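Taken together, the values in this text are just the output of simple stated rules run on the coordinates, not laboratory data. Keep in mind that what you see is a predicted model, and the values were worked out from it rather than measured. Here Cβ is always computed from backbone atoms with ideal geometry, including for glycine, and neighbour counts include all displayed protein chains.
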Amino acid sequence: MLNRRTLRIKIMQSLFAFGQCKEANHLLAHDLIDERFQPDLNSMQPQDKELLRKQKKVAMQLFEKKYKGKETEESPDPRISSAVEDALELFNKQVKKDQSFLSKNIIIEIEKLTGLYHSVLSLLTEFAALAAAEKKVDHSHFANHPLITAISSHAELTAALLKTGSLWQKHKDSVRSWFKEVIKEDNDYQEYIAGRKPTPDDQKAIIKHLVRKRILGAGPINDFFEAEDIRWAEDREIIKSLVDKTIKSFNGSEFTLQKLSLDWEDDKLFVNKLFTNTIELDEKYKQLIAQNTRNWEVDRLPLTDRIILEMALAEMVSFPNIPVKVTINEYIELTKEYSTPKSRQFINGILDVMSKSMKDSGAIKKSGRGLIDNK
């Protein structure tokens, strides 16, 4: 089951990508200005390279001031003004395009998790079919495993796989290779198929082992998923949790196909709102971060830390039903997972100071039972 921390991680990943896109767009704007002040090699007129160099320098300086939102006088040189305006237009156009793409892509990436979960379950049925076809060794304990039988006949799962198409139909050779070299060679699997009639606990244990150690653990199957999913390092833990709950729910004949979210529409609203509001965070909050990071003598704030701070402030301001302490704790956890070892104390201190300042100014207004005092 998705939780809000998982959603925050997905948003943070997209904001990091957005930050990198902005840097790339910034360089594109520089390239445009640089190109405008290159000598015209096709011109029959002599080129004043020194003048062009000076014009480019002025244009770059003017662009940087406008890029940073500083007030500045327009250049009397129309060539410089035109280059700067075109560079800004290019930058803003690309940023808007990237924001739109990434906003939609977060939802797509999250929804892909359901397909990955279904693929892991259906891979078990593929292995069972190969086990059933074996002649030299009796694999019946696995080929006729009641949970795998229930998976193969589950109407909702079958319909979902028919709709999206089975991933394994395109990779039959890989599946055969994995069964031969990974599953059949596993010691626990060998003991399972060679043993007496397995108990319900034995049946659950072997599936959990194969999924955790052989499918999602280090090895060629995990490598395959990693190649298919750029976010596999984080997504694997979600899939592992979903499969664990599936196994636990099995009662001997039926299991519960896990849902990614109890209220996906509400979760989508959370994702879109936090992503957009972080990008469009009011300048006064960014200034608040700048003021407080100077107090901590941080010369250059890492992109990850800046994203975490901006996300936290956007969440405090935009979600009146989420307690401030919950928000701070969530982002401290993200810091421990994704930032530097020293960042946890740093982020904790900064968020605590800023949240108190924002409460005093009225910027943070919480509503709902138990939220008036932000506790």
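What to note about this one:
- Counting every other Cβ atom within 10 Å of each residue's Cβ, PHE224, PHE127 order from fewest to most as PHE224, PHE127.
- Cβ charges +1 (Lys, Arg) and -1 (Asp, Glu), total dipole of the chain, debye: 720
- Once the C-beta distance of GLU254 and GLU111 is scaled by a Förster radius of 35 Å, the resulting FRET efficiency is 0.85 to the nearest 0.05.
- Spherically averaged projected area in nm², based on the convex hull that wraps the Cα atoms of the chain: 27.0
- Dipole-positive endmost among PHE63, ILE106, ALA87 within region 63-107 (Cβ charges, Cα centre): ILE106
- Computed E for ASN42/ASP77 - FRET, C-beta separation, R0 22 angstrom, nearest 0.05: 0.45
- Cα-based shape type of region 281-361, given that a ≥ b ≥ c are square roots of the gyration tensor eigenvalues and the cut on a/c is 1.5: oblate
- Selection from VAL353, VAL317, ILE332, by position along the positive dipole direction of region 281-361 (Cβ): VAL353
- Restricting region 38-109 to GluC sites (Glu not before Pro) in coil, as DSSP defines it, with at most 12 other Cβ within 10 Å: GLU71, GLU73, GLU74
- Euclidean distance between Cα centres, region 42-62 to region 64-78, Å: 18
- Per residue, the Cα convex hull of region 4-103 amounts to 107 Å³.
- Look at where the Cα atoms of region 313-368 and of region 189-235 average out, and the two centres are 38 Å apart.
- Structure-based [θ]222 nm, the chain - -39500 (n - 2.57) summed over DSSP H runs of at least 4, per residue, nearest 500: -23000 deg cm²/dmol
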